[in-house]
1. With no solvent and one point on each alpha carbon, what is the Debye value of log10 I(q)/I(0) for the chain at q = 0.08 Å⁻¹?
2. Sorted by packing (mean other beta-carbon atoms within 10 Å per residue), highest first, where do 335-348, 386-399, 664-677 land?
3. Run the numbers on the chain and let me know its relative contact order in percent, using alpha-carbon pairs under 8 Å that are six or more apart.
4. To the nearest 10 degrees, how steeply does helix 717-727 sit against the main Cα axis of the chain, on a 0 to 90 scale?
5. Along the range 206-223, what does the Karplus equation 6.51 cos²θ - 1.76 cosθ + 1.60 (θ = phi - 60°) give for ³J(HN,Hα), rounded to whole Hz, x for Gly and Pro?
6. Can you list residues whose amide H is under 5 Å from Leu381's amide H, if they're 5+ apart or on another chain and H is modeled 1.01 Å from N?
7. Please work out the FRET efficiency for the pair Lys297 and Glu568, using the Cβ-Cβ distance as r and a Förster radius of 60 Å; give the result to the nearest 0.05.
8. Which value, in debye to the nearest 20, gives the size of the charge dipole of the chain about its Cα centre, when Lys and Arg are +1 and Asp and Glu are -1 at the Cβ?
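Nothing in this text is a laboratory measurement; each read-out follows from the coordinates by a stated rule. Predicted model, so just to flag it, every value in this text is computed and none were measured. Neighbour counts are summed over all protein chains in view; Cβ atoms, including those assigned to glycine, are modelled from backbone coordinates with ideal geometry.
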Amino acid sequence: MANKPIGWDGKSLKDMLIESERLIEDTGKYYGTELLSLKEENPFRYERAYASLRGALVSARETALHIAASPIVKEIGELCFALYTPEGDSLVVSTGILVHVHTMSEAIKFMIKENYEEDPGINSGEIFLNNDPECGNVHTTDVQTIIPIFYDDELIGWAGGVTHQIDTGGITPGHDLVAAIQRFDDGVYYTCRKIGSNDKIWKDHMINARRSVRTPLYWELDEKCRLAGDLMIRDALLEFIKEEGITYYKKFIREAIEEGRRILQKRVKERLIPGRYRAAAFFDLPLKEEAWQPRAKVNKITNEPLEIIVEEDGTLDLDFEGCSGPGPNPMNCGKGAMEGGQWVLLTQVLIYGDKVNDGAYFGVKKNYPLGSWCNPGDPYLSYQSPWGNLIPAYTGMMKCISYGLFSRGYREEVVPGYGFTGDAIQGGGIYSSGPLKGERWALSTFEISGQGLGASAVKDGLDWGYAMWNPESDLGDVETWELFQGGVPYLARKVKPNTAGHGKYRGGANYAGVAMVANSEDVDFFGARDGLAFHGAGGMHGGFPHATGYRLIAKNTNMKEIIDNQKEYPIGDDDPSNGDFERLLEADIIRKPWSSIYPVMLENYDLVYFPESGGPGYGDPLERDLKSVKEDLDKGIYTKDIIYNAYGVNANYSEEQEEWIIDTEATQRRREEIRNERKEKSMSFEEFWNYEKSKITEGKLSDQVKLMFSESITLSQKWRKLFIDFWKLPEDFHMEVD
Ligand code: MN
């Protein structure tokens, strides 16, 4: 090696990483740490040390987002920071979008394994940029700035910050690009690139970056925001070492991560019961008629089965065996994406509080089968929007954990899933007049952070307030979104009836918006959400999944005339079978029963309607108390027909009293009637099994379901055996695909 090694005690970083991996492998404990000696000797000093680092990260985040950040980062805090060990294991994290804590860990390990220490070199004051999902990221839209931190001549850690961009220069404007089907559509790739030295971003990098995306101003602001936060963390760490000493720090980081691992195990033992938990989840993409590219013209359902083994010692073992294959779509997931989704959910349901760090990562075993959508092993695929598969797939984890929580008696902690944080509106265009004439704008409306959460076993789900990938979700102010999506002002935002999954406790409900294209040209518009099938693992203990999404667009409208004459225009789509769009507009109205669409071109005065997702329900809707049903009606959460059909409640609106009145006697009769209907319609398990089996043996499954099962049984021998055994199929069974 040409240069002096930068690791500890004359070692290279690579040596340190190998040693750390060997120690966890041999002992099962982080860095082979047996005793939390610092904690035992002086718990106050130890806890104060952890709290001071955590405080430094939280304050770095708060400060950075206020000195420089794009609206999306500033408005809903779509960023987070973390401090890592020399080997790239996170020690302490800020608040914010915790998805990215382990992702940056993978990026640091990538640089170490690729021997960056020798070439291109890792020196104090240098800056690295990464957004490659193949080496520790979720998608190209998430951009990470990582700096090494030195004390004397040794690298003692790394600071990393990540933000979600409005545009990354992909095949179409926007941030989760439905039309991307290969790496070359995903936008600009920075694969762990050195972009600066002496604490300054190089000019040539910034020139290149600005020209690589459609919204250069926001890109640059966010680069400054991430670097500012990283530098504040570095200062805080050096201050910490001045206070506590380098010897204390070096020991402290090992023990604090090992404690993080033990906390996870303790929580698992406390909250779950050992055993095997299984859940099934799906995501469908009806892109056969949408896709431009011939190879992408396929209707695909992704199989996302999950098995979790809870071991007696508190280890969690996650196995995605049986997942179907990747596809010519942007929803493929690399390891970074799988870890990110898992991490952020575990911090919400099991490892909240105390030490949140990579200790928990080491406490969970996982299998992402090679060749499946969750580990395709092919860097040339598109990884632009892995959330499409991640969001439904991890409802399986929530459901498995919920079974455990329920069994232990933590009924209020049960969460049988969540709404799909699909895109409200996506795309972009060019301002056609005004001070920004000729500038490009892009849609990255993060009101998708406000979805319905699933019901628990004791109460309804949270309305319009949850995103699985950001525990601090906030749907933001319309005015802020309009600031950067200047070409699409809002006409309305209001409660959308019938989005919440039915149940004794209903899922969280949601709202919908109406936006109009204005002051723009060359507008591309697209979107992604669930298709015709319910996403994810649905409800629990008799609760229903929430409604799937749909698309409603009005082109060639008479909105100019309506505005000029101050006439009524649609502000919602409460009853799609008798739509206000059709009633109030002269326009070409497009309705599709699914949400994922390829870009269409829109013109000024065209309208788009975008309903957001509800959450799944819990328990039998016939057991829902009538006071809650009345509230649902008064708030517009459900309509009268749904209340009658799903909840068995007979209610009428009183114009006089301006509220809903429930007829309790008629309700009792209606509920009895539904119970009798259920008895008549229901079949024995044997009848059901025979009926479902006949679909397989008589080729009655839909094309996309056949394709899904054929991929699963080809990719996994283990899952093939489960499938064949369960359905009692011949050993040489083979799924015929048309
Ligand atoms: Mn992102």
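1. Evaluating at q = 0.08 Å⁻¹ gives log10 I(q)/I(0) of -0.67.
2. Working: 335-348: 24.0, 386-399: 27.6, 664-677: 13.5.
Ranked by mean Cβ neighbours within 10 Å, highest first: 386-399, 335-348, 664-677.
3. On the way: 1841 pairs, mean separation 89.3, N = 738.
Value for the chain: 12 percent.
4. So the helix axis and the longest Cα principal axis differ by about 20 degrees.
5. 5, 4, 5, 5, 4, 7, 9, 10, 8, 10, x, 4, 5, 4, 5, 4, 5, 4
6. Arg183
7. Values: r = 40 Å, r/R0 = 0.67.
My answer for the efficiency is 0.90.
8. Values: 83 positive and 117 negative charges, 188 e Å.
Once rounded to the nearest 20, the dipole reads 900 debye.
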